[in-house]
Amino acid sequence: MVQDLQKHNFSYTNFILTGFPGFLEKRQLLFIPFSLLFILAIGSNSVIIHTIRTVHALQSPMYMLICTKAAADLSIIMTFAPKMLLFFLFDWNEISLTGCLIQMFFVHLISSFQSSILLVMALDRYVAICNPLRYNDYINNSNLIKIFVALLIRNSMFIIIFTIAAGYLTFCMSNVIENCYCDHMSLVSLACENTLKNNIMGLAAIIFITVVDLLFIIFSYCNIFNVVLKTASGKARQKAFDTCSTHLIVILFDYLLALCSYLMYRVKNSFSADAHILVNVLYLMLPSCFNPVIYGVRIKEIRELIVQKLKGGKMSSFSITAQELTVEK
């Protein structure tokens, strides 16, 4: 059958997203928990962005990076969640090949950019603590823009390459994508030709983006903790650990979810389709929901400003400088 389809150059141009196949008859019930997560992500990230953007005291690089992370978290959930929720309600689960490739590109681009933001956050803390006298020279808006542009170009190159390569595949095995959104591995698995090159390109993107970012993050924090433990006084050490621990919680949370999603593909036959899809969806949704909550709870300045806004009180004036976040030697 497959040979006959290939012989006639047949290839599916429209695909069906299965969602959660074990809950097809009760898919409307899935709308409730996932819509709540969607609302939490939109609301919490919007609050973080609005708070940082409207308060002059929070215009330092560290807080602008948190604002950038919140914007990325907000963007990633908008790439797939609205269509997923409409599928749960109205069974709108069809997507064209072009639409699938576009969604796949933006899902992978934004998720890779989230990794890059975590890398720049680690770099920011590294300079602030290990080389505080040069902080303003190295960490400023101009340099941050240059770093982000370079990282965005790097990420885009890999993702454009494997997205275009996926678009040239012949899909005659099936047009059913076992997921709630289009991603590279789910789409490529439907091809009826050799996909070794596609898999290599996908793996190369993971190595040269996610793994490289993670290695630099680990290197930065190893140096940070080495400096803090050797040179900081008790109060300054506690302040440095408090600042870094918040970023580390977010980093561990994001990377652990990414690792779980990746491993689920490798041991796909050991888990049900519903469990596999759930991990893939939560990998994108949970960081968007809880990263802003982590920042809002653990970072005193953001927490106090949000509480004041909720109470309708006048903003208290305070200033935050890079020196307050560095190690006192």
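The values are calculated or read from the model by the stated rules, or taken from the named source; none is laboratory data. Computed from a predicted model, the values in this text were never measured in an experiment. Ideal geometry is used to build each Cβ from the backbone, glycine not excepted, and the neighbour counts take in all protein chains shown.
Of a type in the set (A, V, I, L, M, F, W, C) and touching a Lys or Arg at 6+ places or on another chain (Cβ under 7 Å): which single residue out of Val281, Val228, Val250 fits that description? It would help to see each step written out before you state the result.
Numbers: Val281 fails: touching a Lys or Arg at 6+ places or on another chain (Cβ under 7 Å); Val250 fails: touching a Lys or Arg at 6+ places or on another chain (Cβ under 7 Å).
Only one candidate passes the filter, namely Val228.
Tallying residues that are more than 17 Å from Val228 (Cα to Cα) and among the aromatic types (Phe, Trp, Tyr) within the stretch 120-159 yields 3.
Which ones in the stretch 99-145 are of a type in the set (Phe, Trp, Tyr) and at pLDDT 95 or above?
So in the stretch 99-145, the residues of a type in the set (Phe, Trp, Tyr) come out as 105-106, 113, 126, 135, 138.
Listed by number, the residues that qualify are Phe105, Phe106, Phe113.
What about Ala191, is it under 22 Å from Asn223 (Cβ atoms) and touching a Phe, Trp or Tyr at 6+ places or on another chain (Cβ under 8 Å)? Here the answer is no, as Ala191 does not meet what is asked.
Kindly evaluate Ala72 against the criterion of being surrounded by 19 or more Cβ atoms within 10 Å (Cβ to Cβ), under 18 Å from Ile251 (Cβ atoms), touching a residue at least 40 places away in the same chain (Cβ under 8 Å) and touching a Phe, Trp or Tyr at 6+ places or on another chain (Cβ under 7 Å). Walk me through how you get there before you give the answer.
Values: surrounded by 19 or more Cβ atoms within 10 Å (Cβ to Cβ): yes; under 18 Å from Ile251 (Cβ atoms): yes; touching a residue at least 40 places away in the same chain (Cβ under 8 Å): yes; touching a Phe, Trp or Tyr at 6+ places or on another chain (Cβ under 7 Å): yes.
So Ala72 passes the test.
For the stretch 243-279, filtering for residues that are part of a helix (DSSP H, G or I) and either without any contact (Cβ under 8 Å) to a residue 40 or more places away in the chain or basic (Lys, Arg) (or both) leaves 15.
Summed over the stretch 258-275, residues that are touching a Phe, Trp or Tyr at 6+ places or on another chain (Cβ under 8 Å) and closer than 20 Å to Ser35 by Cα total 1.
Out of Arg53, Arg27, one residue alone is among the basic types (Lys, Arg) and closer than 30 Å to Tyr295 by Cβ. It is Arg53.
Restricting the stretch 214-246 to residues that are farther than 20 Å from Ala258 by Cα and of a type in the set (A, V, I, L, M), the residue that is surrounded by the fewest Cβ atoms within 10 Å (Cβ to Cβ) is Leu229.
Contact annotation: no residue pair with Cβ atoms under 6 Å, 6 or more positions apart or on different chains, pairs a residue in the stretch 153-166 that is over 15 Å from Lys197 (Cβ atoms) with a partner that is acidic (Asp, Glu). Residue check: Ser186 meets all listed conditions (1) in a helix (DSSP H, G or I); (2) within 25 Å of Thr18 (Cα to Cα); (3) in contact with a helix residue (DSSP H, G or I) (Cβ under 7 Å, 6 or more places away or on another chain); (4) polar (S, T, N, Q) but one, namely (3).
Residue by residue, here is whether (1) within 15 Å of Thr98 (Cα to Cα); (2) of a type in the set (A, V, I, L, M, F, W, C); (3) surrounded by fewer than 20 Cβ atoms within 10 Å (Cβ to Cβ); (4) in contact with a helix residue (DSSP H, G or I) (Cβ under 9 Å, 6 or more places away or on another chain) holds:
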site	(1), (2), (3), (4)
Asn155	no, no, no, yes
Leu169	yes, yes, yes, yes
Ser174	no, no, yes, no
Tyr181	yes, no, no, yes
Lys197	no, no, yes, yes
Val212	no, yes, yes, yes
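Would it be correct to say that Ser112 is in a helix (DSSP H, G or I), within 16 Å of the chain's Cα centre (by Cα) and of a type in the set (S, T, N, Q)? In short, yes.
How about the stretch 204-261: which of its residues are of a type in the set (A, V, I, L, M) and over 20 Å from the mean Cα position of the chain (by Cα)? Matches in the stretch 204-261: Ile224, Val227, Val228, Leu229, Ala232, Ala236, Ala240.
Scanning the stretch 208-232 for residues that are closer than 14 Å to Ser112 by Cβ and of a type in the set (S, T, N, Q) yields a single hit, Thr210. Quick check on Leu36: is it more than 30 Å from Met173 (Cα to Cα), at pLDDT 95 or above and exposed (fewer than 13 other Cβ atoms within 10 Å of the Cβ)? It is true that Leu36 is more than 30 Å from Met173 (Cα to Cα), at pLDDT 95 or above and exposed (fewer than 13 other Cβ atoms within 10 Å of the Cβ).
Which residue out of Asp137, Asp124 is assigned to a helix (DSSP H, G or I), on the phi < 0 side of the Ramachandran plot, surrounded by 16 or more Cβ atoms within 10 Å (Cβ to Cβ) and of a type in the set (Asp, Glu)? Only one candidate qualifies: Asp124.
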